[in-house]
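Heads up, the thing below is written out as structure tokens.
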Amino acid sequence: MDRLTIRRPDDWHLHLRDGEMLKLVAPESRHFARAIIMPNLVPPVVTGAQAAAYRDRVCEAGFAGPLMTLYLTETTDPADVVAAHRDGIVTAVKLYPAGATTNSASGVRDFEKVRPVLAAMEAAGVPLCIHGETTDGDVFDREAAFLDRTLAPLRAAHPALKITLEHVTTAEAVAFVREHDNIAATMTVQHLMANRTDMLSHGMRPHFYCLPILKRDTHQAALRAAATSGEAKFFLGTDSAPHPTHAKEATCCAAGCFTAPHALPCLAHVFEEEAALDRLEGFTSLHGPAHYGLPVNEDRITLEKGAPLDLPARIEGHGQTVTLFDPGHPLRWHVR
Ligand SMILES: NC(=O)N[C@@H](CC(=O)O)C(=O)O
Ligand SMILES: [Zn+2]
Ligand SMILES: [Zn+2]
């Protein structure tokens, strides 16, 4: 097969940042109809009013389908969350364990403190998106530890809360999601395309560094199997997370891979390798809307296989430079 027409994809986990960086990267998600926009700005998006203002800036910068989120803090007002969701300003609430990832300092330290908000969200049908890692212990074990220590009890306390476990990276997370109702998972391009050996064995590759960190090849295989299985619990959230090139190629490298421009060519490559191109549409365009209770997109895109894509190493503009995630081999699929 060298041509594939699918319903237009959505991106269920996207960082667009703000200011000049927003202006540079917003147009790069052009192939996606909608995207869940992450709220980890500095300062974070914590109120409905801030989310509405940020949504306007995103549209102005050139991305027409933002679905906004609120950043959960220990002082989040349950009434504001429920009202912002009811009024259509926000689609979901994002939980960052404090210190787990980029701009997570205002996140949750004491999970008891957010119980009232989670209960209100459960009652009102507001979905919760989770960065699922502990903030201590070995960095390669933090996702699995979070499942046992935090997510299992949280799930048991709020069984009707709709949860998206974001950017899953381990076989343990895949199993956890399969075992529990009302919980689905997003997967990124980099976790499907690469593993920690790719990141660390031929020199250290900062543009492969993100959180949760890439795991060993057996976990990558479990992710690829789940993504291409056709199961509705697994869908695309690119977690495209632009950082200035100087912040990636640095003594202390920022966490995040920039994949928005070529996410679809990368995914077509993966699904073709897994002999599952017929399941790409489910992963990119059907399972996400089903989880969030939204209609699927009506228009379609066509992917074609041809000569290797001539991708730029980096994009530049508005005083910003961002380097693309480079899988290390040619990509032959492109969006027509
Ligand atoms: N994934 C990352 O490594 N970084 C994200 C934050 C996040 O999604 O955890 C970012 O905002 O840069
Ligand atoms: Zn995250
Ligand atoms: Zn992210």
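No value in this document is a laboratory result; all are computed from the given coordinates. None of these values were measured; they are calculated from a predicted model. A quick note on method: Cβ atoms are made from the backbone with ideal geometry, for glycine too, and the neighbour counts reach across all protein chains shown.
Filter segment 188-245 down to residues that are β-branched (Val, Ile, Thr) and within 12 Å of the chain's Cα centre (by Cα) and give me whichever is nearest to ligand 1 (Cβ to nearest atom). Out of the qualifying residues, it is Thr188.
For segment 1-99, which fully contained helices (runs of 4 or more DSSP H) count at least 2 residues that are of a type in the set (D, E, K, R), touching a residue at least 12 places away in the same chain (Cβ under 8 Å) and out of contact with any helix residue (DSSP H, G or I) (no Cβ under 6 Å at 6 or more places or on another chain)? Answer list for segment 1-99: 48-61. Select from segment 230-252 the residues that are more than 16 Å from Phe176 (Cα to Cα) and away from ligand 3 (no atom under 16 Å from the Cβ) and write down the one among them that is surrounded by the most Cβ atoms within 10 Å (Cβ to Cβ). In this case the residue turns out to be Thr245. Here's a check for you: in segment 178-222, which residue that is small (Gly, Ala, Ser) and farther than 28 Å from Thr251 by Cβ is nearest to ligand 2 (Cβ to nearest atom)? Taking the candidates together, the pick is Ala185.
Picking from residues in segment 260-319 that are among the polar types (S, T, N, Q) and touching a helix residue (DSSP H, G or I) at 6+ places or on another chain (Cβ under 8 Å), the one that is surrounded by the most Cβ atoms within 10 Å (Cβ to Cβ) is Thr284. What residue, of His158, His191, is within 16 Å of ligand 3 (Cβ to nearest atom), without any contact (Cβ under 8 Å) to a residue 60 or more places away in the chain, in contact with a Leu (Cβ under 6 Å, 6 or more places away or on another chain) and not aliphatic (A, V, I, L, M)? Selected residue: His191, the only one of His158, His191 that is within 16 Å of ligand 3 (Cβ to nearest atom), without any contact (Cβ under 8 Å) to a residue 60 or more places away in the chain, in contact with a Leu (Cβ under 6 Å, 6 or more places away or on another chain) and not aliphatic (A, V, I, L, M).
Among the residues of segment 17-26, at least one is within 16 Å of ligand 2 (Cβ to nearest atom) and crowded, with 22+ Cβ neighbours inside 10 Å.
In the set Ala260, Ala241, which member is of a type in the set (A, V, I, L, M) and more than 17 Å from Leu331 (Cβ to Cβ)?
Sole residue among the options that is of a type in the set (A, V, I, L, M) and more than 17 Å from Leu331 (Cβ to Cβ): Ala241.
For segment 152-207, the set of residues classified as among the polar types (S, T, N, Q) and either over 22 Å from Thr91 (Cα atoms) or out of contact with any Lys or Arg (no Cβ under 8 Å at 6 or more places or on another chain) (or both) consists of Thr164, Thr169, Thr170, Thr186, Thr188, Gln190, Asn195, Thr197, Ser201, listed by residue number. Scanning segment 125-135 turns up one or more residues that are of a type in the set (S, T, N, Q), out of contact with any Pro (no Cβ under 6 Å at 6 or more places or on another chain) and more than 19 Å from Glu273 (Cβ to Cβ).
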